[in-house]
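Worksheet: one structure, shown below.
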Amino acid sequence: MLFFLSSHTRITSLCLRQDIEEEMIDKYGTAQEYKNALGKSRTKTGEAKTSDREKSTKKEKKEKRLTEVKYASYRAGKYACFHSMSMNPFDLDDHTWSSAEHYFQAQKFVGQPLFDAIRKAPDSLKARKLGEMDTPFRTDWDDIKGEVMYKAVYAKFSQNPDIQELLLSTGIVPIIERSTDDYWADGGDGYGQNQMGKILGIVRSKIQRENDANARKRKRGSSPARDDPREKGKERAVDRGRSATSAAGGDIKGKRRRTDQPPPQPPKPTVETWDITTRM
């Protein structure tokens with residue numbers, strides 16, 4: 001009984017499918033035209049699904065777009081190089097520095113033996129410990145420490161293309177150092193001054209402007225008009241004409257020199273009188 005019902009269902013389905021195909025062939029004319037129309041319909045359905053997936057992907061990317069950049073450690077994490085203690089060497093003030101922290105701490109003791117000891121420290125943690133010893137340092141430190149750190153951070157990122165690319169990839173979003181330091185970081189609760197993050201933002205803008213200016217210069221320097229041999233030939237002809245005019249006593253600052261006037265005489269040298277009594 002079950003076999004009979006199953007066979008009857010299959011036969012009914014085949015008959016129904018055949019009837020539909022015959023109706024479609026009558027509508028489109030031939031079996032091939034019907035297949036072409038069926039293929040186009042499936043293609044449109046696939047394109048619609050692909051379009052939906054693309055929209056979904058774009059929406060996810062938009063949701064994942066950066067709103068701020070936070071970093072906490074100089075040893076691990078995507079933005080660890082933003083930390084002043086990350087080991088990214090650079091040259092500044094006639095010395096090579098292993099990190100921004102090395103430079104920053106050494107500037108407290110310019111002209112003192114501790115300056116070289118900090119500069120030669122094996123790592124940034126040792127440099128910080130040496131710089132924070134109970135040793136008298138310059139009295140104007142609180143006034144200049146921000147500028148000192150800015151110089152170090154700018155040199156660090158401008159001389160290391162790999163970390164510079166990472167810094168520029170953050171766009172214009174705020175950069176925040178996450179630690180308990182109330183001055184350089186956010187204090188751990190978001191109420192700190194975050195001076196390090198602000199310096200990174202300033203350096204990022206400066207490097208971006210410099211890169212844009214250099215790109216414009218390269219574009220102007222490699223323009224087709226400048227490289228055209230005909231243009232270069234015209235420039236050389238103009239230069240030869242100017243040289244010939246100058247040799248014949250031609251234009252000088254847009255005015256022709258009169259030949260009936262004597263040439264200007266150089267000023268007479270002045271003789272300085274020395275008073276031996278005032279020089280003793």
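No value in this document is a laboratory result; all are computed from the given coordinates. Just so you know, these numbers come straight off a predicted model, no measurement behind them. For neighbour counting, all protein chains shown are included, and Cβ atoms are generated from backbone atoms with ideal geometry for every residue, glycine included.
For SER179, list long-range residues whose amide hydrogen, built 1.01 Å from N in the peptide plane, is under 5 Å from its own amide hydrogen.
Long-range HN contacts for SER179: ASP186, GLY187, GLY188.
Give the calculated FRET efficiency between ASP134 and GLN265 to the nearest 0.05, with a Förster radius of 51 Å applied to their Cβ-Cβ distance.
According to the calculation, E is roughly 0.10.
How fast does the stretch 51-198 diffuse by Stokes-Einstein, in µm²/s, taking the Kirkwood radius from C-alpha pairs at 25 °C and 0.890 mPa s? Mind showing how you got there, number by number?
Values: Rh = 16.8 Å.
D = 146 µm²/s.
Gain in length, ASP182 to THR96, computed as 0.36 nm per residue apart minus the alpha-carbon separation, to one decimal in nm? All intermediate terms of the calculation are to be shown ahead of the outcome.
On the way: separation 86, 0.36 × 86 = 30.96 nm, distance 2.96 nm.
So the extension gain works out to 28.0 nm.
What residues have an amide H closer than 5 Å to that of LEU92, excluding those fewer than 5 places away on the same chain, when H is modeled at 1.01 Å from N in the peptide plane?
The answer is TRP97.
Please give, to one decimal in nm, the separation of the simple spin-label points placed at LYS78 and ASN214, each 7 Å out from Cα toward the Cβ.
2.5 nm
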